[in-house]
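**Student:** Pasting a structure here, questions to come.
Just so it is clear, none of the values below were taken in a lab; they were calculated from the coordinates. This one's a predicted model, so the numbers in the text were calculated from it and none came from an experiment. With ideal geometry, Cβ positions are generated from the backbone for all residues, glycine too; neighbour counts draw on all protein chains shown.
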Amino acid sequence: MKRRTLFGAAAGLAAASLATPSLAQGRARVLRFVPEGNLANPDPVWTTTTIARNHAAMVWDTLYGLDSNFQPQPQMVAGHEVSDDKLTWRFTLREGLLFTDGVPVRSIDAITSIQRWGKRRPLGQTLLARAAEMKALDDRRFEIRLNKPYSLMVRALCDNCFVMPERIAKTDAFEQIREYVGSGPYTFAVDQWVSGAKAIYLRNERYVPRQEKPSFMAGGKVANFDRVEWIVMPDAATAMGALQNGEIDWVQRPDYDLISLMRKMQGVTVAVHDKVGTVAMIGINHLHPPFKDNPKLLQAILTAINQEDFMVAAVGSEPDLYKVPSGVFTPGLPMASDTGMEVFTSPRDLERSRKLVQESGYKGEEVMIMSPADYPHLAAFAQVTNDTLQRIGIKTQFASMDWGTLVQRRTSKEAPDKGGWNMFTTTYEGLAVADPAGHAPLRGNGLQGWFGWPTSPRLEALREQWLDAPDVAAQKQIASEMQRIAFEEVPFIPVGQMFNATAYRNDIADIVPAPFPIFWGVRRA
């Protein structure tokens, strides 16, 4: 083996919601935070929402973590060995790892967590498909034996593969866990969690951080606060007022229309830590009419999509925080391509788009578009989607709901009139859709895939080729071909690239730069 290593009543309401017993514990030891939305479900495997991932990163640790250069680094493991034929991987856990209930973290916990996570994540699905056997060698060492080399093994284990106790990780990947015993720097105070209002996290006294500086999702995860309070404030103006008054310490994602005002506030810092951005997109249900087996209709919609309209509707007041055009891979990263991009960059001709809709065989079915009212930028995308479809002769039903309801409903494979859906708008973090390996919306694996469940043997075959490509040049060529096919089959529709700002009080220091909020390392100056 080889070793490798405006506020009025709203503000009063905010103050009331903040009047919790935590204030008596001392302001210095409590961090009050406004998340991007409501933590509707705390299971990071069952749901792919970013807020569930942010929650999970506090509560559970990972075997490996990406550093600030997006390179995998050991996290819960001390290291690994890999055989000369690249088929056998042996991992050793760090000493002293405990769950929040005081029980030691064992190899079987890691294996069971990998197996559950792998059923829902693209990188994990590939790992499971190539794994001949996973077994514990003892309490600290485990082995994964492959039937085919997987060069992305360590990177895959960075991809939100949170380690849970075996009994919890045995939960079916398509069912929600009911217990939240963690392995990370904070514990989830589930008895104080009120969906739609607040989530509370307490410093995990049993957690043993690595003896390194924090670097994105790697390094030492030191919790400097005894208590972190997530306070849900759907109204952006209320959150801004609470930040200005010092009732809140940190607002994850200020409304784009308010950023210029917040920059002028005394005692408040507005920063853009997100250097990769997110790719905004329209999710499409391929199981039901009118999009089932009708790529021509989806191609007609592509000819009408104006990405600039989507970005201006959501981010218009901050033009430096978006970029167009955007293809299926994150702009600015190696797999991004110009192939087929004329579908977005050529002049829009709505009359031609209407003709293409008619030629597609569209029968006048109503398209149900889900819009999350509590995410203004996503709601703006949904409104532009609705308007675009109507202008080219497609009937629509605009369904506004909160994000938690949307997340629940998008799991339904029923027809729209029976609780299902046709379209929804969302964003995917740039790193997650940077290449074919982890790009969930680009999968063509049908019912085992991302919401919308497109089936594409061509995309799946090319993804396998990409995973086995000998070099970056070959990977780029394959990614280019995948984008060409994606514009033919239209598994989803990209509508632009966005960068998120964050805002916090000036006495909050050492925030780890990242595309999403990280709660280790941060302290009160």
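**Student:** Which entry in [x] 39, 25, 25; [y] 36, 32, 20; [z] 65, 29, 22 is this structure's computed semi-axes √(5λ) of the Cα gyration tensor in Å?
**Tutor:** This structure yields the entry labelled [y].
**Student:** Using a basic spin-label model with each label point 7 Å from the Cα along Cα→Cβ, how many nm lie between residue 261 and residue 208?
**Tutor:** The answer from the label model is 5.0 nm.
**Student:** Divide, for the range 441-507, the radius of gyration over alpha carbons by 2.2 N^0.38 Å, where N is the residue count.
**Tutor:** Details: Rg = 16.4 Å, N = 67, 2.2 N^0.38 = 10.9 Å.
Output field value: 1.51.
**Student:** Assign unit charges at the C-beta atoms only (+1 for Lys and Arg, -1 for Asp and Glu), then state the dipole size of the range 79-208 relative to its Cα centre in Debye, rounded to the nearest 20.
**Tutor:** Values: 21 positive and 17 negative charges, 69 e Å.
Dipole magnitude for the range 79-208 comes out near 340 debye.
**Student:** Going by average Cβ neighbours within 10 Å, how do the peptides 346-353, 97-104, 75-82 rank, with the highest at the top?
**Tutor:** Per-residue Cβ counts within 10 Å, averaged per peptide and sorted highest first, yield 75-82, 97-104, 346-353.
**Student:** Now for a separate question. Just going by the charge dipole of the chain, with Lys and Arg at +1 and Asp and Glu at -1 on Cβ, which of 436, 62, 251 is farthest out on the positive end?
**Tutor:** Farthest towards the positive pole: 62.
**Student:** Work out the length of the dipole vector of the chain about its Cα centre, built from +1 on the beta-carbon of each Lys and Arg and -1 on the beta-carbon of each Asp and Glu, and round it to the nearest 20 debye.
**Tutor:** Magnitude of the dipole: close to 820 debye.
**Student:** Note down the relative contact order for the range 41-175 as a percent, whole number, built from C-alpha pairs under 8 angstrom at least six residues apart.
**Tutor:** Relative contact order of the range 41-175: 30 percent.
**Student:** Another question, if that's okay. Based on other C-beta atoms within 10 Å, arrange 492, 344 from fewest to most.
**Tutor:** 344, 492
**Student:** A further question on this structure: Listed here are the pairs 275/413; 170/418; 395/418; 355/418; 413/476; which of them are more than 28 Å apart at the Cα?
**Tutor:** Values: 275/413 35 Å; 170/418 31 Å; 395/418 18 Å; 355/418 31 Å; 413/476 34 Å.
Correct reply: 275/413; 170/418; 355/418; 413/476.
**Student:** Further question: Between the range 69-92 and the range 316-381, how many Å separate their Cα centres?
**Tutor:** The two parts, judged by their Cα centres, are 40 Å apart.
**Student:** Same structure again: Return 403, 450 ranked ascending by Cβ neighbour count within 10 Å, so the fewest neighbours appear first.
**Tutor:** Least to most surrounded, the residues fall as 450, 403.
**Student:** What residues have an amide H closer than 5 Å to that of residue 88, excluding those fewer than 5 places away on the same chain, when H is modeled at 1.01 Å from N in the peptide plane?
**Tutor:** 83, 146
**Student:** Further question: How far is it, in nm, from the label point at residue 135 to the one at residue 101 when both lie 7 Å from their Cα along the line to the Cβ?
**Tutor:** 2.8
**Student:** Pop out the ³J(HN,Hα) list for the range 486-501 in order, Karplus 6.51 cos²θ - 1.76 cosθ + 1.60 with θ = phi - 60°, rounded to Hz; leave Gly and Pro as x.
**Tutor:** Working through the residues one at a time gives 4, 6, 8, 8, 6, x, 7, 10, x, 10, x, 10, 10, 10, 9, 8 Hz.
**Student:** With no solvent and one point on each alpha carbon, what is the Debye value of log10 I(q)/I(0) for the range 403-525 at q = 0.17, 0.19, 0.20, 0.23 Å⁻¹?
**Tutor:** Debye intensities relative to I(0), on a log10 scale: -0.97, -1.08, -1.13, -1.32.
**Student:** Additional query: Quick one: 3J(HN,Hα) in Hz for the range 442-453, Karplus 6.51/-1.76/1.60 with θ = phi - 60°, rounded, Gly and Pro as x.
**Tutor:** 8, 5, x, 9, x, 5, 8, x, 5, 4, x, 6
**Student:** Also, I was wondering about something else. In whole angstrom, how far apart do the alpha carbon centroids of the range 130-167 and the range 192-229 sit?
**Tutor:** Between the Cα centre of the range 130-167 and that of the range 192-229, the gap is 25 Å.
**Student:** Apply the Karplus curve 6.51 cos²θ - 1.76 cosθ + 1.60, θ = phi - 60°, to the phi angles in the range 383-394 and return the couplings in whole Hz, x for Gly and Pro.
**Tutor:** Working through the residues one at a time gives 5, 5, 4, 4, 5, 4, 5, 4, 5, 10, x, 9 Hz.
**Student:** Let me ask something else about it. Return the calculated 222 nm mean residue ellipticity for the chain, to the nearest 500 deg cm²/dmol, obtained by summing -39500 (n - 2.57) across DSSP H runs with n ≥ 4 and dividing by the residue count. Display every interim value, and only then the final one.
**Tutor:** Values: 16 runs with 151 residues, N = 525.
Only helices count here, giving -8500 deg cm²/dmol.
**Student:** For the chain, give the share of DSSP beta bridges that are antiparallel, in percent and rounded to the nearest 5; count only bridges with both residues there.
**Tutor:** The antiparallel proportion sits near 80 percent.
**Student:** Amide H of residue 219: which non-local residues (sequence gap of 5 or more, or other chain) have their own amide H closer than 5 Å, using H built in the peptide plane?
**Tutor:** So residue 219 has HN proximity to no qualifying residue.
**Student:** 5 Å is the cut-off here: which amide hydrogens, built 1.01 Å from N in the peptide plane, fall below it relative to residue 400, excluding neighbours closer than 5 in sequence?
**Tutor:** 371
**Student:** May I pose another question? Over the range 116-242, what relative contact order in percent results from Cα pairs under 8 Å that are six or more residues apart? Can you show the working numbers first?
**Tutor:** Numbers: 145 pairs, mean separation 19.3, N = 127.
About 15 percent, as a whole number.
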